[in-house]
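Below is one structure, written out as structure tokens; comments come after it.
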2 protein chains.
Amino acid sequence: MKRVKGPQRAPTETDVAKLAGVSQSAVSRAFTPGASVAKKTRERILEAAKTLGYQTNLMARSLATRRSNIVALAISNLENPFYAQVAKELSERLRDTGRHILLFTTSADGTADPELEKVLSYQVDALILTATIPSHGLTAQCQKNGIPIVQINRESKISGISTVRGENQRAAEQVAEFLIAGGHKKFGLIGGAKGSNTSQIRQEAFVGHLKILGFPSVKIAYGDYSFQGAAAATRQLLDLDNPVDAIFCASDYMAFAALDVVKREFGLRVPEDISIVGVDDVPEASHSAYDLTTYSQPAASLAEEAIKIIDQQIAHPGRRAQRREVRGQLILRGSARLPNHSVFTIAGKKIWQP
Amino acid sequence: MKRVKGPQRAPTETDVAKLAGVSQSAVSRAFTPGASVAKKTRERILEAAKTLGYQTNLMARSLATRRSNIVALAISNLENPFYAQVAKELSERLRDTGRHILLFTTSADGTADPELEKVLSYQVDALILTATIPSHGLTAQCQKNGIPIVQINRESKISGISTVRGENQRAAEQVAEFLIAGGHKKFGLIGGAKGSNTSQIRQEAFVGHLKILGFPSVKIAYGDYSFQGAAAATRQLLDLDNPVDAIFCASDYMAFAALDVVKREFGLRVPEDISIVGVDDVPEASHSAYDLTTYSQPAASLAEEAIKIIDQQIAHPGRRAQRREVRGQLILRGSARLPNHSVFTIAGKKIWQP
DNA sequence: GTGGTTTTTGCATACGCATGCAAGAACTAA
DNA sequence: TTAGTTCTTGCATGCGTATGCAAAAACCAC
């Protein structure tokens, strides 16, 4: 009795062909939808493939077809549940169309990661970035090779890059109005990274809108999108001579840190003493531990739109980059004081309709 | 003036060779560490490559070398911050050795996902599973082709699969002792999925140890590792005629749900009325919102060990599967009553040393 | 300068799959 | 039955890189 030892090589189309008594090309066609194979032959081939345990070698296929069915996903903040959720949504949607994600965790937000340049080596079909800005070189290369780039949750001035984002401006403005309606007077904002334009847009809209409405002085600190950074930023805003009584955070994740500091270190009551509002509406925001009022930015829609853009760009390579905005809404919970007017409860959900 | 239109094909080694005035093989060697190329030639080639923006085509390379430098990672619970963290750690460590992650988000815990079978098509060098059990077919195929499989945080009876896990048994026993020392008498446990052996081991150890110590009756409910599931399980344990006053949860993520329900729905004070203990010590556990007492299971170490195993298996294909246990410790925070003896504070950290 | 040793280089081929082309098989209509 | 169609099939080649082998070049010692 002979025992098989050591790793064997996986069966190839040639192996299958031999067993089924056909040519390698026939086998290839049997696995190519729409190719010309007789029904009977096809069955014979599939059976042979099954008994051998044959699986298409996608490396070889992609070498021949110049399509890998792999999409690169660059994430800087996987510990932020928002991006974890985006990753999950993307993964599931891509899977449904037979594609998979090659994961790149980039270091900091903002600047480009040299590691990311290697993306092209993998012959990916597209590149999705969350909270990451690609280098000029990478962008140029992708453009040249017709690889679409989509940024999620970041604007980009670079013309070749498509964009999917939430309602940054409207979110900031509505939060501003909401906090004013709640009776607040001393506003603070915790931005993300200074280089992040998403954060910047929200900041400008928040500050600008408050100014229009009669509150010209908004205190600003930066949390760098990290938990620790946001905690430090919160301390900054509360250690002022005239500390703020309402904080708008550029992400839920940072808002969690703000809540922590506000309650534990400063002993403040939320929302009686201070209101905290975030952006994203991650699942944790609804946990009673945080119970965070926030402007939502639905990960599922972001993922969906991003993939739509990719597919369009692949189908029509010439087409120019797109910018899409996904709708969100203000989710009223317990971390911000409710205005005593214009708040309605519909189907158990609180709505603010000024 | 001629404008370049449409996507161009990426430059190949042949292109570089032509520009540098050498053969394609020379270019290949210039990019292969340890290959025989004259220093001068190499420089000329690298320069040519640079001006053309050449990047190795990894599909072609992996076709020729039979190594893809891609590791498949299957994750069922990306929304659980513990696994997000594991993914991050894995990604960073693999990146340092020039490898990348192909992400598979599998559906439920426990059973095999047919989608995962496609893993082999990508010619991955290894397969890392978190909270996922591969099908027999997949396992067999991997064995045959010499592709190592490592499970993180799950045991496996299957002989071909390596395992990296935390101290499941010790964690459960120590938590049991700790809760007894805290004066608790009515114990509950929230398990993960019924099919999860990790959960089962913890359950048996917890129940068994409590029995030895004189508490034979432990109430059990299953949270299926999901937030909603754990919330329901908590209700179950508290709706009993004789409700529990201490709950051990098979994961921090589920413990968060338990805390939520206990506080919001039942109005209980933690830890005065009830103690909640988790396992994992995810970053969120230290947030004051949860302030969760938990037995740690360091993601970084899990990732590190998993990769070590992979590398060993690749280096020595014959070697048999390994099982490793990563050490953790009981992290004392505010969600569980402290015993009034044997608790010490060292460097700001509370330690329980019975 | 010579013979021998070591390094460097190119040629040819393999990796596994896809696909244009032409030959062969099957089928249709008269 | 035959000529004309339509389907199937195999052959040959290409995708971009790696590598064994032998030829060429460079180097070395005397």
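The values are calculated or read from the model by the stated rules, or taken from the named source; none is laboratory data. Model, not experiment: these values are computed from the prediction. Cβ coordinates were reconstructed from backbone atoms using ideal geometry, including for glycine residues, and neighbour counts include every protein chain displayed. Accessible surface areas use protein heavy atoms only, side chains included; no ligands, DNA or RNA. Shrake-Rupley method; radii C 1.70, N 1.55, O 1.52, S 1.80 Å.
Numbers for the structure displayed
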quantity: In the range A:143-163, residue farthest from the other protein chains (Cβ to nearest Cβ) [restricted to those that are modelled with pLDDT under 90 and touching a strand residue (DSSP E or B) at 6+ places or on another chain (Cβ under 9 Å)]; calculated: A:E155
quantity: Counted residues, the range A:64-73 - those being crowded, with 20+ Cβ neighbours inside 10 Å, modelled with pLDDT under 95 and more than 8 Å from chain B (Cβ to nearest Cβ); calculated: 0
quantity: Filter pass, A:V119 being surrounded by 19 or more Cβ atoms within 10 Å (Cβ to Cβ) and farther than 30 Å from A:Y222 by Cα; calculated: yes
quantity: Looking only at the range B:29-53, and only at residues there that are within 9 Å of DNA strand C (Cβ to nearest atom) and in a helix (DSSP H, G or I), the one that is surrounded by the most Cβ atoms within 10 Å (Cβ to Cβ); calculated: B:I45
quantity: A:T51 within 12 Å of DNA strand D (Cβ to nearest atom) and hydroxyl-bearing (S, T, Y); calculated: no
quantity: Search result, residues across the range A:122-136 that are more than 8 Å from chain B (Cβ to nearest Cβ) and at negative phi; calculated: A:V124, A:D125, A:A126, A:L127, A:I128, A:L129, A:T130, A:T132, A:I133, A:P134, A:S135, A:H136
quantity: Pair list, Cβ under 6 Å, 6 or more apart: the range A:125-139 residue in contact (Cβ under 8 Å) with a residue 12 or more places away in the chain and under 15 Å from A:T105 (Cβ atoms), other residue open to solvent by 20 Å² or more (accessible area, probe 1.4 Å) and charged (D, E, K, R); calculated: A:A131/A:D109
quantity: Subset tally (residues that are farther than 16 Å from B:L58 by Cα and either at pLDDT 95 or above or basic (K, R) (or both)) for the range B:27-42; calculated: 3
quantity: A:A171 being in contact with a His (Cβ under 6 Å, 6 or more places away or on another chain) and buried (at least 18 other Cβ atoms within 10 Å of the Cβ); calculated: no
quantity: Test for B:P283: is it within 10 Å of chain A (Cβ to nearest Cβ), within 20 Å of B:N153 (Cβ to Cβ) and open to solvent by 30 Å² or more (accessible area, probe 1.4 Å); calculated: yes
quantity: Which listed residue is under 15 Å from the mean Cα position of the chain (by Cα) and more than 7 Å from chain B (Cβ to nearest Cβ), from A:E79, A:E117, A:E89; calculated: A:E89
quantity: All positions within the range A:54-97 that are within 12 Å of DNA strand C (Cβ to nearest atom), touching a residue at least 24 places away in the same chain (Cβ under 8 Å) and not hydroxyl-bearing (S, T, Y); calculated: A:Q55, A:N57, A:R66, A:R67, A:N69
quantity: Tally, over the range B:222-246, of residues that are open to solvent by 40 Å² or more (accessible area, probe 1.4 Å) and assigned to a helix (DSSP H, G or I); calculated: 4
quantity: Number of the exception - A:R66 against (1) of a type in the set (D, E, K, R); (2) within 16 Å of DNA strand D (Cβ to nearest atom); (3) under 30 Å from A:P298 (Cα atoms); calculated: (3)
quantity: Meets criteria (in contact (Cβ under 8 Å) with a residue 40 or more places away in the chain and either assigned to a loop (DSSP other than H, G, I, E, B) or within 8 Å of another protein chain (Cβ to nearest Cβ) (or both)) for A:Q8; calculated: no
quantity: So A:A20, is it surrounded by 20 or more Cβ atoms within 10 Å (Cβ to Cβ) and within 30 Å of B:G318 (Cβ to Cβ); calculated: no
quantity: Hits in the range B:170-201 - residues which are closer than 26 Å to B:R323 by Cα, modelled with pLDDT of 95 or more and in a helix (DSSP H, G or I); calculated: B:R170, B:A171, B:A172, B:E173, B:Q174, B:V175, B:A176
quantity: Among the residues listed as A:P11, A:P7, the single one being at pLDDT below 95, within 11 Å of DNA strand C (Cβ to nearest atom) and touching a helix residue (DSSP H, G or I) at 6+ places or on another chain (Cβ under 9 Å); calculated: A:P11
quantity: Yes/no for B:N57 being open to solvent by less than 60 Å² (accessible area, probe 1.4 Å) and in contact with a strand residue (DSSP E or B) (Cβ under 9 Å, 6 or more places away or on another chain); calculated: no
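Yes/no matrix, rows are residues, columns are (1) closer than 30 Å to B:G348 by Cα; (2) of a type in the set (V, I, T); (3) touching a residue at least 24 places away in the same chain (Cβ under 8 Å):
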| position | (1), (2), (3) |
| --- | --- |
| B:K185 | yes, no, yes |
| B:I190 | no, yes, yes |
| B:R202 | yes, no, yes |
| B:K211 | no, no, no |
| B:L259 | yes, no, yes |
| B:E272 | yes, no, yes |
| B:D291 | yes, no, yes |
